Structure formats: C-alpha cells, structure tokens
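Structure record follows, encoded as structure tokens.
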Amino acid sequence: MICYPYPKVTFSPVREHLKSWTAQNLGSADTAAIQILFSLPKMPDVQTLVNDFLNQLKKRKIEGSQATAKLTAELLRSVISQQRVPHTNQATALIYAVRAVGEQLIAANPVELAVGNIVRRVLHIIREEDLSLATAAMAGLGVSAASDDEDDMERDENSVLSAAAVAAAARSTLRPPSLQTLLEDTPDSAAAPHTSSSGGESDGRSRSVDKGSRVRKLKHDVIEAVNELIQDISTCYEQIAEQAVEHIHHNEVILTLGSSKTVLEFLYAAKEKQRSFKVFVAEGAPRYQGHILAKELAARGLQTTVITDSAVFAMISRVNMVIVGAHAVMANGGVIAPVGLNMVALAAQRHAVPFVVLAGSHKLCPLYPHNPEVLLNELRSPSELLDFGEFSDCMDSASGTGSLHVVNPTFDYVPPKLVSLFITDTGGHNPSYMYRLIADYYSADDLVVKRRPTAGS
C-alpha cells in the first residue's frame, strides 16, 4: 500500500483542501475516484432531521398513526446511530438523547399518541439491551475464578454497564414474566462460560478487544432492536389481516365506521379466504371518511352498503359483528377512536353485538385517560360543519344578540366495558388483559418522557 504524506489541516473547509491536495499528489484515476466521493450528498445532520419532522407534526402533514410511528422510529434510530456514547453509562447517554428529542416530538403534536408510544418503546429497548448486557456480564463474572488483579480488570471492563442495569439484572429473577413474554421469548443461544486465557499477554489482548467490543455492543444491539420495531410497524397490517379468517364467517354482516386501512386489509383478507359477507359502512360525518372506505371495499369486490351515522341504531339488529379501527388503545383498555364510535359501541352493547377493535402494537399506549400527559381530543375547523358565508351573521359575537358556536371534535372515547375483543399483531386479547400486554412494551420509568430538571436549574 502506498502511503502519501498528508499535511495537518487546522481550518474548517476540509473538503476543499482535500480536493486541491489530491489533485496535486495523486494520479488522475485516484483523483477522479475521490472527486466522485466528494460529490456524494452529505449525511443530513440529526438536528435538521428533527426540525423537519417537527414541522411535519406541527402542520399535521403526516396522515395515520402507522406512518407517524414508523417515521418516529426511523428518526430515533438516526439519533441513536449518530449519538456519541461515552465509555461509562452508555445507556444513560442514549436515554438522555432519546428523551431530549422525544420531548420535542410529543409537544409538537400531543394528540398523536403514537409518537409518544414509539419514544417510550425505544427507551424501553435501551433499558432492556443494557439489562441483557449486564446479565451476561454478571453471569460471566459468577462462573470465573480470577485473581485480585484480574478482578480489578473485570471491574474496569464492566464499568460501561450502568448501575441501574446491574441492579435490574439482580432483580430480574424475582419478576414473573407475562404470558406474552413466555410465548414469544425464545433464547437464541445459551450463555457461554468465561474462561481465562493460558498466556498473560494474549489474555490481556483478549480483554482489551472484549472491552472495546462491549463498548460498541449496546449501541449496535439497540439499533438492531429498533430495526425490528420498524419492521413490526411496517407489517402490522399483514399480521392483523392474517387473523381475519378466524373471526369472519360466511353470510355475516359486518358494520364499521369511517376509514381505516387496518379494517380494509382485515376485511379483504377474509374475502381472499373465500368468505362471503356484507359490510355496512357508516359514513363518519363530518369528514365522511366512510365514503373512501366504501369505494375501496367495492373496488376489491366486497358487498358494501353506505349508511348514515344516525342510522346505526336502526341497522344494528341486522349486524353480526362491529369491526373498527382505533387511534389509540389506553392502558385501561379504553379506545380513542374517530368521533361517532362511542355511539356505535353503545348500539352494539344494546343489541349484544360483538364490538371488535383492530390496533397495531404501536397504538398501545401505557398511559391512562386521566393522566395529565394525555390529550384525548382536538377540535377541527367549524367549516367542516357549516358554511361561513351562510352563517357569518350568526357567528358575530360582537352584535350582542347572541352568537352561534360550532364544536367539531376529532375523537371519541370508548370505555373498555363496551369493547368485546382487541385484535393486535400479536393476536386477540380481552380488554382486561391489555394492561399486561402493554407492560411488556414499556418501562415504568419512561411513562413521563419529560426530562427531570437538574439540580442547578
């Protein structure tokens, strides 16, 4: 390999200096290759990515919880990958960085609970990976017989593990796993016992290499786990749709309200399995999203009937099952859903019709409706209900003769007692089990994402 002497650069425009230096010291082929390298677009700065995503959230430019959750996870992956991690307390540094960004994202659009869900999921991933490394390190220390000097080196090697992770590893055997954890957790490989090297010099080199690799392992494992989370979000529609054949049968009548891609794929998957059934779609005023869903269902060959929202009680006696989507599922099993669904749930309960909610795991929120961090609703423009030109005189409060007020909420809250079954990408669950399922995805320390003020502030 030919080594070229490279002068020390102490000023900021390094790229321009490199271009001129390569032109003077390298051949034409090498110069052309490096020029191509310089012409590649630079990796965007993390803060630029955060600011762009904040603007999209504030302006409500991202439609749907699934798209919002996926973009949030991808952004946090970039934050973690470009975050400089110290030798000690790596998990603490990553948690602080994710919380700093997550606090801004949640504040940008508080009603989009999927953002906070993904932020807490990533924080939980960091804690779990840190705990896994601490458990493995403690297992290695427990089976090795080392001298006092070796013990000092081991303690130095394990300084990258946070004290909280070590304490959690010690307590992990006392915490009973949930049923979901028992069904899903399959160990990849058994922990290998630590054996000391026969030679002192080779043992020292192996310790040094292991120490450096352990520093990088937490960050690598966290990024891999976030990649799996992004994959789960991307495939949640397919995972839920695979269960359609178990719930929809021949000659049934299904009622839904508004538009939901999860519901669309669920119903279409049942049709693909040769199920013959009819669908009643309540139009979902005032945005009339049900019209969009009805067109898509009819285009895919499903027998579809559009009804008004006020006709739900009149038609519910003909319905075998109500299948709806959700904006979020709270820790108590309550559902935040498009406005009008509480009325549908009451009608279903009155006529003993099963009320089934479809929701991906990214919509499972660890908070309760009464938590102050939860913004259950927001008001949309009155123009969706009334024409300003026609009712402008009635809306003039300065006239003194009275005024017309318009309230246009976006969401309804459906209490858990009205829900018969939740179908997520992990299977079907009763409302009473949701709190335990949600506990597998989040840590209690991360329910409040806002950073704690320091002593000097």
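The values are calculated or read from the model by the stated rules, or taken from the named source; none is laboratory data. On a predicted model such as this, the values are computed, not experimentally measured, just so you know. In this analysis, Cβ positions are derived from the backbone assuming ideal geometry, glycine residues included, and neighbour counts consider all displayed protein chains. Accessible surface is based on the protein model in full, side chains and every heavy atom, while ligands, DNA and RNA are left aside. Shrake-Rupley method; radii C 1.70, N 1.55, O 1.52, S 1.80 Å.
Figures for the structure shown
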{"read-out": "Conditions (1) surrounded by fewer than 12 Cβ atoms within 10 Å (Cβ to Cβ); (2) modelled with pLDDT of 75 or more: number failed by THR401", "value": "(2)"}
{"read-out": "Conditions (1) open to solvent by less than 70 Å² (accessible area, probe 1.4 Å); (2) in a helix (DSSP H, G or I); (3) charged (D, E, K, R): number failed by LYS295", "value": "(1)"}
{"read-out": "Scan of segment 38-77 for residues that are modelled with pLDDT of 90 or more, open to solvent by 80 Å² or more (accessible area, probe 1.4 Å) and farther than 24 Å from GLU378 by Cα, ordered by number", "value": "GLN47"}
{"read-out": "Residue within segment 338-352 that is closer than 24 Å to GLU63 by Cα, open to solvent by 10 Å² or more (accessible area, probe 1.4 Å), in contact (Cβ under 8 Å) with a residue 24 or more places away in the chain and assigned to a loop (DSSP other than H, G, I, E, B) present", "value": "yes"}
{"read-out": "ALA241 out of contact with any His (no Cβ under 9 Å at 6 or more places or on another chain), open to solvent by 10 Å² or more (accessible area, probe 1.4 Å) and free of Cβ contacts under 8 Å to residues at least 60 places away in the same chain", "value": "yes"}
{"read-out": "Of all residues making up segment 90-107, the number that are over 17 Å from ILE223 (Cα atoms) and open to solvent by 10 Å² or more (accessible area, probe 1.4 Å)", "value": "5"}
{"read-out": "Filtered residue count, segment 286-326, keeping only those that are out of contact with any Phe, Trp or Tyr (no Cβ under 6 Å at 6 or more places or on another chain) and over 22 Å from HIS351 (Cβ atoms)", "value": "15"}
{"read-out": "Matching residues, segment 260-275, being free of Cβ contacts under 8 Å to residues at least 60 places away in the same chain and at negative phi", "value": "LEU264, GLU265, LEU267, TYR268, ALA269, ALA270, LYS271, GLU272, LYS273, ARG275"}
{"read-out": "Positions within segment 120-132 being crowded, with 23+ Cβ neighbours inside 10 Å and either among the β-branched types (Val, Ile, Thr) or more than 16 Å from LYS70 (Cα to Cα) (or both), in sequence order", "value": "VAL122, ILE125, ILE126, GLU129, ASP130"}
{"read-out": "Residue match in segment 262-269 (condition: open to solvent by 60 Å² or more (accessible area, probe 1.4 Å) and either modelled with pLDDT under 95 or assigned to a loop (DSSP other than H, G, I, E, B) (or both))", "value": "no"}
{"read-out": "Any hit, segment 372-388, residues being aliphatic (A, V, I, L, M), in a helix (DSSP H, G or I) and open to solvent by 10 Å² or more (accessible area, probe 1.4 Å)", "value": "no"}
{"read-out": "Members of segment 421-436 found to be β-branched (Val, Ile, Thr) and in a strand (DSSP E or B), listed by number", "value": "ILE423, THR424"}
